[in-house]
Every structure is written in C-alpha cells, then in structure tokens.
Amino acid sequence: MSDVFQIAGKTYNSRLLVGTGKYKDFDETRRAIDASGAEIVTVAIRRVNIGQNANEPSLLDYLPPSEFTYLPNTAGCYSADDAIRTLRLARELLDDHKLVKLEVLGDPNTLYPNVRETLKAAEVLVKEGFDVMVYTSDDPIVARELEQIGCCAIMPLASLIGSGMGILNPWNLRLIIEQSKVPVLVDAGVGTASDATVGMELGCDGVLMNTAIAAAKDPVRMAYAMKLAVEAGREAFLAGRMPKKLYSADPSSPLFGMISSK
Amino acid sequence: MIQLSINGEAKAFAAPLTVSELIQVLELTGKRVAIERNGEIVPRSTHAATQLVDGDVLEMVVAVGGG
C-alpha cells in the first residue's frame, strides 16, 4: 500500500523527523537516530570554537550528509535577520542545501515563536529559493499566511519546546491540517510515544522531535518506540477510526447461540 | 598589522591575509566551515581570492547537534 510522504518534491519513507541535540555523545546520537528510522535530521548552526582541537570528531562524521537529509535550523534566533543569516550560512556550509527549518523565537522562557518575525523571514527565504519548513504557533491564520508565502511545510507546536507536555490543542491542529495543502508536522512538545500517535491520528503528515527521545532514560529504546508510534498513528489515521458511541455499548460477540437459550 | 573580529573576538594578524590563509592559520583546513564576512557569505570557491582587510567582521560556523 503506497502512502507517500513528500517534502519539497522529495519522497521519504519515515514520517518521523528527529533532532540531534542533547545526547550523551555522538555515538548515542547515531544509535538513537538509527533506531528511530528517521531520514531527516535537524542540526543547529553555531560558531566554530577557534583554537579547539581540529581533529575532534564532528556530528557530520557520525551522521554523514550522504546518509541523511539535513535540516539546518535557526534555533536560538530572535529576529528575522539572524534567522536569515543563519540559514544562508547553512546553505553555504552544506553545499547549496535548500531544505531548512525556520524558527524565530519570541521569549527565552517559553521559546514561543515570534510569528511576526517568522513571517518576515519566511518571505525573504522563500524568495531566495529555500525550501522552508516553518515552526510556528498553532494559530490557523498564521499557518495559512505561512503557506501562502510559500513555505513547504507548516510545523505548529503541540506544546512548548522541550516541555514534553504532549498535544495540548488538538482542535487547532485539526484546523491547520484541514486547511493546509502542504504537509503539516507537529514540531515541539511531544513527550512520549502516545503523543506522537495522537498527532498522527489527527492527520498530521509527520512529527518532529528531539527532547522526547534524547531525554528519555533509554534514548535508543524511546527512538524505536517513536518510530512505531508514528507508524501506528499514521496507519490508524488511514484506516479511519470507528465513530465514538456515547452512552451505549455494542457487544463484540454474537447475541445468539448462548447456552441455555430457549 | 590588521585586526579582524572573528566570532565576536578581536584577533590581530601580522600581515594581511586571504580567507584561505586565515583558515590555515586557525587550523581549520579540511573542516566543513561556512564563513560570513561583514554580513555577506564568502562562498568556498572564493576563499583563496578573498583578501581580508583591517576591521572585517567574520562569522565562522559549523553544524552541531540541535533540535
């Protein structure tokens, strides 16, 4: 059964996208990502530590760009300008790579997105030829504007970044899913496998997470759980769940042929 | 002598140098690094030809783990 997941014209098998931060070491990062089955991995762009041992291993040694689709992000950027500069550097760094994750934050405590700056940055980046997957609030009007600008995926938060609070507003996610013609991915807030499943059952095209895996007691095992959870949620969505029946039961076994029937 | 700002830190160099030479001096040869000079990207293909001048502001970045 074909169930194609496409982002910016490229087809992927896995609907789980994972971050590469907060792991104990690169080895654990690699093992967790392998267990997750993810093909798209987010990376951050940061200043080189000048004077640091040049032979120190780098993330790219453990996750070769030939094996994974990199999704450079703008985590930590608080203005459209910083986000745009960061992604221009990312494009240069990764050999004219165009698929990026835009996020512009508005507050250091909640890491809530600043949608005004996000919209501004999205306009510039789309014009410059970037394929922009955009982290945003779960406001359907903002989501629609980002799609109209030309973002290739809309990624509303389920709850605050790194909070593990799960999907707090399924209704808004549904509104965004129903109106969007580009993929919608839950980005941020997933805490455990059932959260990912719920997101997929709502009709999300994918889920992006980092902390839920990296901060689990056993990250590699949680990565595998997330793979199964995303697949289960997707299959359930495609299968179409039974309608909920309020206030009445419906037996699963035959009503006839009971012993001591008359 | 020229003075450059590299990743927010002032660094002095005895003689003018190109971006390629700077990469060598900083022992970053062969590393995957992207460079911005005064707000503009310096493409890898132009590193050898790009002469740095006193007061240039450089950002040099790599990919690191992140979500």
- Given the conditions (1) touching a residue at least 40 places away in the same chain (Cβ under 8 Å); (2) more than 23 Å from A:V134 (Cα to Cα), which single one is not true for A:T211? (2)
- Residue identified as under 24 Å from A:T74 (Cβ atoms) and either at pLDDT below 95 or of a type in the set (F, W, Y) (or both) among A:G150, A:G164: A:G164
- Message: Any residue in segment A:1-20 that is at positive phi sitting within a Cβ distance under 8 Å of a residue that is basic (K, R) and part of a loop (DSSP other than H, G, I, E, B)? List the pairs, counting only those 6 or more apart or interchain.
- Response: A:A8/A:K98
- Counted residues, segment A:76-106 - those being out of contact with any strand residue (DSSP E or B) (no Cβ under 8 Å at 6 or more places or on another chain) and modelled with pLDDT of 95 or more: 5
- Message: I'm told A:P108 meets every condition in (1) more than 10 Å from chain B (Cβ to nearest Cβ); (2) assigned to a helix (DSSP H, G or I); (3) more than 20 Å from B:V33 (Cβ to Cβ); (4) open to solvent by 10 Å² or more (accessible area, probe 1.4 Å) except one. Can you identify the failing condition by its number?
- Response: (2)
- Query: If A:K10 passes every condition in (1) under 24 Å from A:K98 (Cα atoms); (2) away from every other protein chain (no Cβ under 12 Å); (3) open to solvent by less than 60 Å² (accessible area, probe 1.4 Å); (4) within 18 Å of the chain's Cα centre (by Cα) but one, which one does it miss?
  - Reply: (3)
- Filter segment A:24-46 down to residues that are over 28 Å from A:R88 (Cα atoms), more than 12 Å from chain B (Cβ to nearest Cβ) and among the aliphatic types (A, V, I, L, M), then give me how many there are. 1
- Might you let me know whether segment A:57-65 holds any residue that is at the interface with another protein chain (Cβ under 10 Å from one of its Cβ atoms), assigned to a helix (DSSP H, G or I) and either over 23 Å from B:N7 (Cβ atoms) or touching a Gly at 6+ places or on another chain (Cβ under 9 Å) (or both)? yes
- Would you confirm whether any residue within segment A:35-49 is at pLDDT 95 or above, of a type outside the set (A, V, I, L, M, F, W, C) and part of a helix (DSSP H, G or I)? yes
- Message: Regarding segment A:28-43, can at least one residue be identified that is among the hydroxyl-bearing types (S, T, Y), closer than 26 Å to B:E36 by Cα and in contact (Cβ under 8 Å) with a residue 60 or more places away in the chain?
- Response: yes
- Message: Please determine whether any residue of segment A:160-183 is among the small types (G, A, S), within 25 Å of A:L125 (Cα to Cα) and more than 17 Å from the chain's Cα centre (by Cα).
- Response: no
- Item | Residues located in segment B:1-34, provided they are small (G, A, S), open to solvent by less than 90 Å² (accessible area, probe 1.4 Å) and assigned to a loop (DSSP other than H, G, I, E, B) | B:G8, B:A15, B:G30
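Condition check ((1) open to solvent by 20 Å² or more (accessible area, probe 1.4 Å); (2) touching a residue at least 40 places away in the same chain (Cβ under 8 Å)) across all residues:
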site: A:F26; (1), (2): yes, no
site: A:V48; (1), (2): no, no
site: A:P72; (1), (2): no, no
site: A:K98; (1), (2): yes, yes
- Restrict the check to segment A:204-225 and report whether at least one residue is farther than 30 Å from A:S2 by Cβ, at pLDDT below 90 and open to solvent by 60 Å² or more (accessible area, probe 1.4 Å). no
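The values are calculated or read from the model by the stated rules, or taken from the named source; none is laboratory data. Bear in mind the structure is a predicted one, so any value in this text is a computation, not a measurement. Don't worry about glycine lacking a Cβ; one is built from the backbone with ideal geometry, like all the others, and counts go over all protein chains shown. These accessible areas exclude ligands, DNA and RNA; they are computed on the full protein's heavy atoms, side chains included. Shrake-Rupley method; radii C 1.70, N 1.55, O 1.52, S 1.80 Å.
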